[in-house]
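Working notes, beginning with the structure itself.
The values are calculated or read from the model by the stated rules, or taken from the named source; none is laboratory data. Predicted model, so just to flag it, every value in this text is computed and none were measured. When we count neighbours, we look across all protein chains shown, and the Cβ atoms used for this are built from the backbone with ideal geometry, even at glycine. We work out accessible area using only protein heavy atoms, side chains counted, and drop any ligands, DNA or RNA first. Shrake-Rupley method; radii C 1.70, N 1.55, O 1.52, S 1.80 Å.
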Amino acid sequence: MKLGLTTLLLAAVSVGAFAPAAKETVSVCRGYHHSSATALSMSSATETAPFVQGPRIIRDELPIVYVYDHCPFCVRVRLALGIMNVKHNVNFLGNDDIPTPTKLCGKKIAPIFEIPEDDFIMTESLDIIEKVDQDERFGASGQILPATGRADIKAWQK
């Protein structure tokens, strides 16, 4: 079987099935051929500035985020707070903890964002991110960019 596979690979290379186009440069890493044209075509179409984290925001009363450890929407909020460099307390809820979220917002849901100094509580991850991004108390606004609306990403998601 080894001889048959080797023979097949040699025949395919000799025909040009694995040969790069004339203008492409090819590098070899661990026996795999990488074409520079392929690598370039997979890069982003737009250039972005490197991420620079703003100053650390520490409020007198820290905001509190109630999350489930397995919840992607909770991760989204925690990521945004990290990008904004906002110090906050995280309370992990047990999956069977019904009284805590019900007491805070009236139903079993997460994430829950609380600003104790305002006696303010909200749910829904995108709303929380928008609130933090637009509230000057949490640093400069407009640090979280809106969705790009790129059709190629939408097609890939399907």
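Quick one: which of 98-106, 76-84 comes out on top by average Cβ neighbours within 10 Å, and what's the full order, highest first?
The densest-packed peptide leads the list: 76-84, 98-106.
Tally Lys/Arg at +1 and Asp/Glu at -1 over every other residue whose Cβ is under 15 Å from the Cβ of D97; what's the total?
Result for the neighbourhood of D97: +1.
Considering the stretch 63-158, what Rg and Dmax in Å follow from its alpha-carbon atoms?
14.6, 44
For the stretch 69-158, what does the accessible surface come to per residue with a 1.4 Å probe? Please give it in Å².
64 Å²
When you have a sec, figure out the Kirkwood radius of the stretch 76-131 from all distinct Cα pair distances and drop it here in Å to one decimal?
Numbers: mean 1/r = 0.0833 Å⁻¹.
Result for the stretch 76-131, one decimal place: 12.0 Å.
Hey, which of these cross-link pairs are over 31 Å Cα-Cα: K87/K158; K103/K154; K131/K154; K87/K154?
Correct reply: K87/K158; K103/K154; K87/K154.
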